[in-house]
Amino acid sequence: MTRAFALFSVLAAAFTCYSQSVTVQPSTISGIEIIGPQAPDFAASVAQIVGTDQPGNLTAWLPYGVVVKNNSPQALAAMTVVWTETLDAGPLRPVQRDYWSWFNAPLKYVQPGSAVLAIPQNMLQQPRNLTAFSAGRGLGNLPNFQRAQRIEVALDGVVFASGQFAGADTYSAYEEYQAQIDVPRSVATTVLEKKATSPISDILAWLQLLSASRGGDFTAQRSGSMARQLLGVYSRKGEAALYSLAQSILQEPAFPLHR
């Protein structure tokens with residue numbers, strides 16, 4: 001009963017939040033369309049992506065969601081959507097920046113003529129992406145959005161399958177994608193170099209030092225994340241698996257990101 005009441009409260013807030021000022025900035029990228037929740041075809045576009053049987057935990061987010069449609073002749077390998085908000089009459093500030101990328105997973109690319117639903121912290125491409133919402137999860141930081149007086153949503157950049165980046169890049173999407181591509185290769189290279197000259201204890205000490213980095217610029221953040229991943233593999237599977245992962249990272253072709 002308590003859970004049902006809580007969900008009702010969230011949904012009630014979601015349906016009243018249209019009194020907020022929610023603005024979707026038009027796409028500045030040729031061939032890429034962004035459809036906001038106040039557009040007449042938004043509901044139909046959402047249904048085409050995830051179906052008509054939409055869990056309440058998803059519909060609560062829809063006032064802040066956007067549909068991004070690829071009308072270009074190329075598939076999309078990455079995209080960045082940014083939400084900014086203000087709780088009062090002050091200036092807008094970034095509240096959520098989502099960088100989605102599938103550089104080494106072409107099957108996940110957003111193909112020409114296809115569309116995706118972007119909500120804070122989630123990007124949905126098909127009905128099976130509803131699993132977490134159907135299980136009662138996915139609400140995340142929704143209350144923060146519901147308390148905002150004014151919200152803007154913008155597509156900050158996309159990466160085409162050719163590697164071409166396009167977009168305003170107001171929030172350094174390009175730098176984030178460059179770090180996603182370069183950092184794993186750099187860390188893997190160092191691990192294998194150390195393997196030839198250092199004992200495993202030294203390699204682990206270096207990774208542990210690197211793993212402590214959770215802030216800083218994109219490179220520092222990605223370095224910390226990559227170190228934690230490698231340490232996790234070592235903890236679960238041992239030294240050989242650590243080196244095997246490093247080698248597999250370097251065997252994958254580097255995605256040709258460029259402006």
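Taking the stretch 92-136 only, how many residues are in a loop (DSSP other than H, G, I, E, B) and under 28 Å from GLN149 (Cβ atoms)? I'd like the intermediate steps shown before the answer.
Here is the first cut: in the stretch 92-136, the residues in a loop (DSSP other than H, G, I, E, B) are 92, 102-105, 109, 111-114, 120-121, 125-126, 135-136.
Checking the rest, the ones that are also under 28 Å from GLN149 (Cβ atoms) come to 92, 120-121.
Residues in the stretch 92-136 being in a loop (DSSP other than H, G, I, E, B) and under 28 Å from GLN149 (Cβ atoms): 3 in total.
Which is surrounded by fewer than 14 Cβ atoms within 10 Å (Cβ to Cβ) and among the basic types (Lys, Arg), of ARG222, ARG147, ARG185, ARG228? Step through it out loud before you land on a result.
Numbers: ARG222 fails: surrounded by fewer than 14 Cβ atoms within 10 Å (Cβ to Cβ); ARG185 fails: surrounded by fewer than 14 Cβ atoms within 10 Å (Cβ to Cβ); ARG228 fails: surrounded by fewer than 14 Cβ atoms within 10 Å (Cβ to Cβ).
The match here is ARG147.
Just give me the residues in the stretch 26-47 being surrounded by fewer than 15 Cβ atoms within 10 Å (Cβ to Cβ) and over 19 Å from PRO63 (Cβ atoms), in sequence order.
Answer for the stretch 26-47, where residues must be surrounded by fewer than 15 Cβ atoms within 10 Å (Cβ to Cβ) and over 19 Å from PRO63 (Cβ atoms): THR28, SER30.
Mind checking which residues of the stretch 157-205 are under 30 Å from GLN25 (Cα atoms), small (Gly, Ala, Ser) and part of a loop (DSSP other than H, G, I, E, B)? Working first, answer last.
Step one: of the stretch 157-205, the residues under 30 Å from GLN25 (Cα atoms) are 157-181.
Next, from what is left, pick out any that are small (Gly, Ala, Ser): 157, 161-163, 166-168, 172-173, 179.
ALA161, SER162, GLY163, GLY167, ALA168, SER172, listed by residue number.
Are there any pairs with C-beta distances below 8 angstrom linking a residue in the stretch 127-143 that is without any contact (Cβ under 8 Å) to a residue 12 or more places away in the chain and over 17 Å from TRP83 (Cα atoms) to a residue that is surrounded by 15 or more Cβ atoms within 10 Å (Cβ to Cβ) and of a type in the set (Phe, Trp, Tyr), with the two at least 6 apart or on different chains, and if so which?
none
Looking only at the stretch 68-97, count every residue that is farther than 20 Å from GLN164 by Cβ, surrounded by fewer than 20 Cβ atoms within 10 Å (Cβ to Cβ) and at pLDDT 95 or above and tell me the total.
Here the count works out to 0.
Residue by residue through the stretch 231-256, note down the ones that are closer than 25 Å to ALA77 by Cα and not in a loop (DSSP other than H, G, I, E, B). Spell out the reasoning first.
The initial filter retains those residues of the stretch 231-256 that are closer than 25 Å to ALA77 by Cα, namely 245-256.
Listed by number, the residues that qualify are LEU245, ALA246, GLN247, SER248, ILE249, LEU250, GLN251.
Determine whether ALA161 is under 19 Å from the mean Cα position of the chain (by Cα), under 23 Å from PRO106 (Cα atoms) and among the small types (Gly, Ala, Ser).
It is true that ALA161 is under 19 Å from the mean Cα position of the chain (by Cα), under 23 Å from PRO106 (Cα atoms) and among the small types (Gly, Ala, Ser).
The values are calculated or read from the model by the stated rules, or taken from the named source; none is laboratory data. Note that this is a predicted model, so its numbers are computed, not measured. Cβ sites come from the backbone with ideal geometry, for glycine too, and all protein chains shown count toward neighbours.
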